[in-house]
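To keep things clear, I will list the structure first and then write my remarks on it.
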Amino acid sequence: MGAQMPSCPRFVTTAVTTCPPAAEVIDWGLKMHGIPNLWKTTRGEGIKIGVLDSGVAYKHPDLVQAIVKGKSFCTNNKSGYADVYGHGTHVCGIIAARENNIGVIGVAPLSQLYIAKVLDDDGTVAIDKLCDGIAWCLDAGVDIISTSLWISQGSDQLQELINKAIDSGVIVVAAAGNGGSYDIDTVSYPAKYDRVISVGSHDACGLPDPTSAVGRRLDILAPGRSILSTYPPDIYATLSGTSMACPFVTGVVALLLASHRNDALGATPTYHSQSEVRKHLLAHAHDINAVGWDTASGFGLIDPAKTL
């Protein structure tokens with residue numbers, strides 16, 4: 001079995017509520033980036049997303065219709081792919097919470113979730129279990145792999161599997177980590193691999209989150225500060241971190257893929273590869289800080305309207 005990898009905190013909890021919101025909430029990040037307007041074109045229908053995380057609260061009313069299947073790769077696990085840590089459920093809600101007049105709504109509320117539980121209930125992850133989860137997602141035929149987790153060291157096996165996924169046409173999106181700017185390069189694996197879309201966090205003012213990792217492998221920023229989403233077993237929580245920014249980008253990629261698949265007239269290009277999607281995302285990012293790419297904001301804030 002691979003060594004358990006400790007890491008900096010995967011998220012910061014701002015609030016947990018046992019009562020659902022009085023009305024279905026479109027969170028600030030979706031409003032800021034104009035996501036509701038994009039739903040006139042697509043809601044991510046038909047896009048299969050592999051979520052490598054701590055599992056999911058699969059009976060949550062906002063997620064039950066989004067989940068296709070799941071599997072746990074954790075050792076000594078007694079709860080199947082159910083989420084007791086909370087992280088994976090929150091991530092899944094950001095991507096695909098259904099529009100159902102309760103709770104929240106995700107960026108791609110008609111996308112389909114394939115849950116690979118690779119984070120143990122205490123939030124640690126073993127590289128071999130992460131690799132097993134990636135292999136399972138490939139066998140399931142997912143379109144996107146979303147990894148809101150990070151480890152301090154990579155491995156040959158992990159890089160080979162990620163390259164295999166990308167070479168087969170799967171889009172891989174990863175959280176940069178919450179290392180902050182105490183060093184010149186705090187982006188962690190697997191986001192640190194050159195071909196992966198590496199996501200940092202910004203706040204409601206459009207400024208980089210000071211806890212978000214920095215470095216040469218930071219690609220883009222997305223909403224990650226004080227994000228309301230689903231939480232086990234059937235409640236809601238406000239969390240912060242690049243873990244929350246990564247699924248936002250995953251949802252936008254799902255909208256992008258679905259939009260071009262649905263374009264019967266062929267008026268827009270179809271994106272077939274990681275390099276095409278990554279190049280498209282970064283070319284349409286809203287530049288902030290220094291002109292062009294910089295270590296604190298990458299190519300800037302994600303711009304879903306221009307991206308689609």
message = If I ask for residues that are among the basic types (Lys, Arg) and modelled with pLDDT of 95 or more, which ones from the range 79-132 would you list?
response = Arg98, Lys117
task = Please work out which residue is farthest from the chain's Cα centre (by Cα), limiting yourself to the range 60-76 and to residues that are buried (at least 20 other Cβ atoms within 10 Å of the Cβ) and farther than 12 Å from Asp120 by Cβ.
result = His60
ask   = Are any residues in the range 30-44 assigned to a loop (DSSP other than H, G, I, E, B) and under 17 Å from the mean Cα position of the chain (by Cα), and if so, which ones?
value = His33, Arg43, Gly44
key: Output for the range 149-167, where each listed residue is among the small types (Gly, Ala, Ser) and either farther than 24 Å from Ala96 by Cα or at pLDDT below 95 (or both)   = Ser152, Gly154, Ser155
ask   = For the range 88-101, how many residues are β-branched (Val, Ile, Thr) and within 16 Å of Pro36 (Cα to Cα)?
value = 2
note = Flagged pairs (Cβ under 7 angstrom, 6 or more apart or on separate chains; first in the range 21-40, within 18 Å of Ile102 (Cβ to Cβ); second assigned to a loop (DSSP other than H, G, I, E, B) and among the β-branched types (Val, Ile, Thr)) are Glu24/Ile102; Glu24/Ile105; Ile26/Ile105; Leu30/Val107; Pro36/Ile26
Output for the range 49-59, where each listed residue is buried (at least 24 other Cβ atoms within 10 Å of the Cβ) and not in a strand (DSSP E or B) = Ser54, Gly55, Ala57
request  = Among residues belonging to the range 220-279 that are touching a helix residue (DSSP H, G or I) at 6+ places or on another chain (Cβ under 7 Å) and among the polar types (S, T, N, Q), point out the one that is modelled with the lowest pLDDT.
outcome  = Thr268
task = Taking only the range 192-212 into account, find how many residues are within 30 Å of Trp136 (Cα to Cα) and in a strand (DSSP E or B).
result = 5
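The values are calculated or read from the model by the stated rules, or taken from the named source; none is laboratory data. It should be emphasised that the depicted structure is a prediction, and the values quoted were computed from it without experimental measurement. We place every Cβ from the backbone using ideal geometry, glycine too, and count neighbours over all the protein chains shown.
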